[in-house]
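Rule-based calculations on the coordinates, nothing more; no lab input. What you are looking at is a predicted structure, and each value in this text was computed from that prediction instead of being measured. Heads up, the Cβs are rebuilt from the backbone with ideal geometry, glycines too, and the neighbour counts pull from every protein chain shown.
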Amino acid sequence: MNALDLAREWLATPSLNSRQRAQLEEKGVAREAVHLAGGLGWARVATTGRLYMPSDAGDVIVIQPVWGGAAPSIFQAVESPLLDDLIAWHPDSPTRWHYRVGTPGAVLGGDNLDLAHAEGLPISFALTPLDWLRGDCCGAVLLEVCEGHWRAEDDAEEGARVAEWWGGEAA
């Protein structure tokens, strides 16, 4: 899959419906954070290892873009947004995510990290995409570092919650 295919897939990803938005709000995610992140969508996906692919028979899950710079949003226009990857995760299991293409070094909030480095400012790090959204997209999530941390954790309970959270209802 090349960058153009990835961008086309993201543009074709359905936006969250009102029920899904309400469920994220119950988890502490403000609507503004969804825009700051460059949007969130949903899809039915199947996973293989670290990767996911769309699947009509898969679970309904959040799809989040990983921008290689500033995220385009209603708050800021970005002339040439760069989409590094997409991640799929479930709000009831935020410590587990899957990549669409597996871009090495993918970072949520990479523009925040770049700015902090350039200005010599401190930066905060979140451990999950959900935590980052709860923090209004401040700081960053070093996806591979956090993934390694969570992979070592026992995730048996989370697996059962994934199938229940949206209950397969996506419309």
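General remarks:
- Every Cα-Cα pair of the range 3-165 was included, and the share exceeding 20 Å stands at 47 percent.
- Highest-fluctuation residue, Gly28, Gly135, Gly105 considered, GNM on the chain with Cα pairs under 10 Å: Gly105
- Mean Cα-pair separation over length for the range 3-165, i.e. relative contact order, pairs under 8 Å, 6 or more apart, %: 21 percent
- Summing Lys and Arg as +1 and Asp and Glu as -1 over all other residues whose Cβ lies under 12 Å from the Cβ of Asn112 gives a net charge of -4.
- Cα-based helix-to-principal-axis angle, 110-119 vs the chain, degrees rounded to 10: 20 degrees
- Sum of side-chain charges, Ala70 neighbourhood, beta-carbon under 14 Å (Lys, Arg +1; Asp, Glu -1): -4
- Charged side chains reduced to their Cβ positions (Lys and Arg at +1, Asp and Glu at -1) give the range 3-165 a dipole of some 340 debye around its Cα centre.
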